[in-house]
Amino acid sequence: MKPESQEQRPDAAAETFSAPHSISRRDFLKGAGVAVAVPAGVLGETPGAPSAAGTPEQVHLTFGDDPSRTVFISWASPAQATNPRVLLHRPGGAHTVIPAVQRAYTDGMNGQTVFTYHAKLDSLESHSSYRYSVTANNDSRRQRPFTATFRTAPRGRVPFRWTSYGDLSTPVTSWTRSSPQSYHAVDAVERFQPLFHLLNGDLCYANLNPTAQPAVWADFGNNVQRSAANRPWMPCPGNHEIEFGNGEHGLNSYLTRYALPDNGTSFPGRWYAFRVGSALFISLAADDVIYQDSGAFNSGPAPLTPVASSGHEPIAPGTSIYIHGYSGGAQTRWLEATLAAAQNDTNIDWIIVQMHQDALSSSENGNGSDRGIRETWLPLFDRYGVDLVLCGHDHDYERSWPVRGCNHHVGRDAASGETVDTCQPQPVVTSDPADGRFDTRRGTIHLILGGGGTNMPNDLYGVNPLNGAPQAKVITKANRPTAGAAPGVFVRHSADALEDAIWSARRNTVTGYGIGVFDLEPGSANDPTTVTMRYYQAVGDHGGTSDYELFDTIVLAKARRDAKRSS
Ligand SMILES: [Fe+2]
Ligand SMILES: [Fe+2]
C-alpha cells in the first residue's frame with residue numbers, strides 16, 4: 001500500500017497524455033489493433049455525419065461541495081474534444097461559457113483511451129432551474145448541441161426528495177450482468193423526479209467484461225444520461241468498479257468519470273459528504289474496510305492478456321485485486337471527523353450514509369453481511385446517530401429494524417458449526433411502532449437497495465433450518481482465491497459464517513428489482529421532522545418492466561435539533 005502522499009489524482013493522467021485529434025473511437029480502436037464489441041447505437045453518432053470526435057455523450061451531473069451553489073457537468077467524447085465547454089443559458093438568450101477540464105485514461109486491458117470532460121458551475125442560485133448545453137469545436141451537433149435543465153438544491157429546513165438504488169448494469173444484454181431492467185430503472189428515477197439520485201455502487205460491471213471495459217462504461221453512461229443529465233446522480237464505488245489494468249486500486253475508470261465533493265484527503269473521489277437542507281449525506285467506499293474479496297478476479301484456467309501497447313503482463317489465473325485497508329484508516333478518520341462536525345451542527349437533523357457493501361443482509365444467493373463494516377463503521381454510526389444506511393451489493397430489497405450495538409460470539413462457522421464472533425447487530429425494536437413511526441435516534445436502519453437492474457437478482461433469503469428464523473451469511477475473513485476442483489481454475493468461497501438475522505425486518509421475496517424513494521419533511525420547532533421511505537418493486541425480473549409498484553413504506557420521525565424540548 002502506498003503512503004497517502006503518493007496517491008495519484010486521476011486528472012494527473014490527462015496532463016501527461018497527448019492524443020491525436022479528429023479520429024473516431026472506432027478509428028482509435030482500429031489503430032490500437034483492438035477488437036472490441038461496440039453495440040450499434042450506443043455511441044450517439046449519426047452515420048455519415050462529420051467527425052464525431054468531440055461530440056458529447058454520457059452526460060451526467062453531480063453536486064459539488066455545496067449543492068445549493070455548485071454543480072459539475074461531466075461527459076465523455078469518442079476522442080479528444082477541442083475547446084470542450086458548457087453554455088449556461090441566461091434569460092433573454094444570452095449564455096455564459098464555462099470551459100471544461102479534461103480527464104483521460106488509457107484502459108490497461110484493451111488500450112482504449114477514454115476522454116472525459118468536467119465543467120464546474122459555481123456561484124449558482126439555490127433552489128433554481130438552469131438550462132445548459134455541452135459542446136466542443138469538433139462536436140458534430142455543434143449547431144444544435146445537447147441541452148438539458150437541472151435544479152440546484154434548496155437551503156435551510158425545506159422538503160425535498162431523493163431516490164436510490166445500486167447495481168444498475170446496462171441494457172445492452174451482450175455484456176455480462178446487463179439486463180433490460182437497467183433501462184427501465186433510469187426511467188423510474190425520472191418518474192419520481194427527485195432532487196438527486198444516490199447510485200450506491202456496482203454501476204455497470206465493466207470489470208466482468210475485461211476486454212471491453214470502456215465500451216461497457218459508454219453504454220452505462222448513455223443509458224443513465226436520460227436522467228443524470230437532468231439531476232445529479234451521486235455514486236459510490238462498488239466492487240465491480242475495481243478493474244484490472246486501471247490503477248493500483250482498479251478505480252481509474254470510475255475516478256476519471258466522476259467529479260465529486262472534495263474529501264480533503266489524498267484519496268479524492270472515493271468518499272465524500274454533501275448537505276441538502278437539514279440532511280447530511282455521506283458516501284463511503286466500503287471496499288476499504290470489508291473483508292470480502294470481490295473486485296476483479298481471473299478465475300482461470302487461461303491468463304488474461306492485456307494488449308501489448310499497455311505494457312502490462314498477462315494476469316495469471318487466481319489473481320484478484322484485493323484492496324482491504326488501502327486508505328490506511330484515512331477514510332475512517334475522515335468519517336469520524338465528518339460525523340463529529342455534524343453532531344455540533346444543530347441545523348443537521350438527519351444523517352444518511354450510502355455505501356455499496358452490506359453490514360446487514362440476509363440474502364441466501366447474494367454475498368451476505370460483512371463484519372469489516374460492522375466492526376469499523378457501525379460503532380461510529382451508533383456514537384453519532386446515523387439514521388439510515390443505504391446499500392446495494394446484494395440484488396434485492398431488505399430492511400432492518402433500527403440497530404444499536406452488537407452481540408458477540410453468537411454466530412457459527414458455516415462449515416464446522418463452531419462459535420464465531422459475527423458482531424451480530426442488536427435490534428432496538430422488533431415490531432412496527434404503534435404510531436407507525438421509527439425513532440432513529442434509538443438505532444440505525446439499514447436498507448439493501450441493490451435492485452437497479454442486473455440480470456442476477458438475489459431475492460432468495462437465508463432461513464435457519466432448525467427454527468425457521470431468518471438467517472444471514474456473514475463474511476468474517478478474507479476469501480482470497482484458492483485452487484478449485486478443475487486444473488488451473490480458482491475460486492473465491494462465499495461467506496464463512498452464519499448468524500440468526502434477528503435484525504431483519506422485511507425481505508422482498510417477489511423480485512430483486514426496485515427503487516427507494518425518500519421524502520424529507522422538515523417539520524417545525526414543535527412538530528417532528530420526518531423522512532418517509534417508499535420502496536417500489538419492479539416485478540419484471542429477467543424480461544424487464546417499466547411498472548414499479550409500492551412494496552414497503554416506513555416513516556422515520558424525530559424532534560428537530562433546534563426544537564425547544566426533545567420529545
Ligand atoms: Fe452488484
Ligand atoms: Fe457488489
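The values are calculated or read from the model by the stated rules, or taken from the named source; none is laboratory data. This is a predicted model, so every value here is computed, not measured. Heads up, the Cβs are rebuilt from the backbone with ideal geometry, glycines too, and the neighbour counts pull from every protein chain shown. The protein model used for the area step is the full one, side chains on, heavy atoms only, and it has no ligands, DNA or RNA in it. Shrake-Rupley method; radii C 1.70, N 1.55, O 1.52, S 1.80 Å.
Summarise the long-distance tail of P(r) for region 71-155 by giving the % of C-alpha pairs beyond 23 Å.
Of all Cα-Cα distances in region 71-155, 28 percent exceed 23 Å.
At 222 nm, what helix-only mean residue ellipticity would the chain give, in deg cm²/dmol to the nearest 500, using -39500 (n - 2.57) for each DSSP H run of four or more?
It lands at -3500 deg cm²/dmol.
Give the accessible surface of the chain per residue, rounded to a whole number of Å², with probe radius 1.4 Å and ligands, DNA and RNA excluded.
36
Per q in 0.24, 0.27 1/Å, what log10 I(q)/I(0) does a Debye calculation on the alpha-carbon atoms of region 98-144 return?
Each listed q maps to, in turn, -0.99, -1.06.
Could you tell me the accessible area of C391 in Å² (1.4 Å probe, neighbours in place), rounded to the nearest ten?
Accessible surface of C391 is approximately 0 Å².
Using a 4.7 Å Cβ cut-off, which Cys residues in the chain lack a partner cysteine?
Cys with no partner Cβ under 4.7 Å: C204, C236, C391.
Sorted by mean Cβ packing within 10 Å, highest first, what order do the peptides 128-134, 548-554 take?
128-134, 548-554
List the pair-distance distribution P(r) of the chain, using every Cα-Cα distance, as the percent of pairs falling in each 20 Å bin from 0 up to the bin containing the longest distance, rounded to whole percents.
That works out to 22, 57, 21, 1, in percent per bin.
Report the per residue volume, in Å³, of the convex hull enclosing the C-alpha atoms of region 111-243.
About 137 Å³ per residue, rounded to a whole number.
Expressed in nm to one decimal, what extension gain is obtained for the pair L380 and H409 from 0.36 nm per residue of sequence separation less their Cα-Cα distance?
8.4 nm
Accessible surface of K120 in the full protein assembly, 1.4 angstrom probe, to the nearest 10 Å²?
Rounded to the nearest 10, the figure is 110 Å².
Need one number: the % of Cα-Cα pairs in region 201-268 sitting beyond the 16 Å mark.
Result for the distance tail: 48 percent.
Compute log10 of I(q)/I(0) for region 466-567 with the Debye formula, placing one identical point scatterer on every Cα and leaving out solvent, at q = 0.10, 0.17, 0.25 Å⁻¹, to two decimals.
Those come out to -0.59, -0.99, -1.15, one per q.
Can you tell me the FRET efficiency between E364 and E336 if r is taken as the Cβ-Cβ distance and R0 is 45 Å, rounded to the nearest 0.05?
After rounding, the FRET efficiency stands at 0.85.
Could you list, bin by bin from short to long, the percent of Cα-Cα pairs of region 216-327 in 5 Å steps?
Answer for region 216-327: a P(r) of 2, 10, 17, 20, 18, 15, 10, 5, 2, 1, 0 percent.
Provide the solvent-accessible area of D187, counting protein heavy atoms only and rolling a 1.4 Å probe, rounded to the nearest 10 Å².
Roughly 60 Å² of D187 is accessible to a 1.4 Å probe.
Show me 62-71, 197-206 ranked by packing, highest mean number of other Cβ atoms within 10 Å first.
With the highest mean Cβ count within 10 Å placed first, the list reads 197-206, 62-71.
What's the carbon and sulfur percent of the chain's accessible surface, probe 1.4 angstrom, rounded to a whole number?
The nonpolar share, carbon plus sulfur, comes to 50 percent.
Measure off 7 Å from each Cα along the Cα-to-Cβ vector at N464 and S431, then give the distance between these two points in nanometres to one decimal.
Calculated label separation equals 2.0 nm.
Given +1 on the Cβ of Lys and Arg, -1 on the Cβ of Asp and Glu, and no further charges, what dipole in debye does the chain carry about its Cα centre, rounded to the nearest 20?
1460
I'd like the distance separating the alpha-carbon centroids of region 507-567 and region 379-445, in whole Å.
First find each Cα centre; the distance between them is then 18 Å.
Between region 204-238 and region 143-178, what is the C-alpha centre distance in whole Å?
So the separation of the two Cα centres works out to 11 Å.
Between E549 and R506, with labels modelled 7 Å along Cα→Cβ, what's the label distance in nm to one decimal, could you check?
1.5
Packing-wise, with mean Cβ within 10 Å as the measure, how do 490-497, 392-399, 441-448 rank, highest first?
Highest mean packing first, the order is 392-399, 441-448, 490-497.
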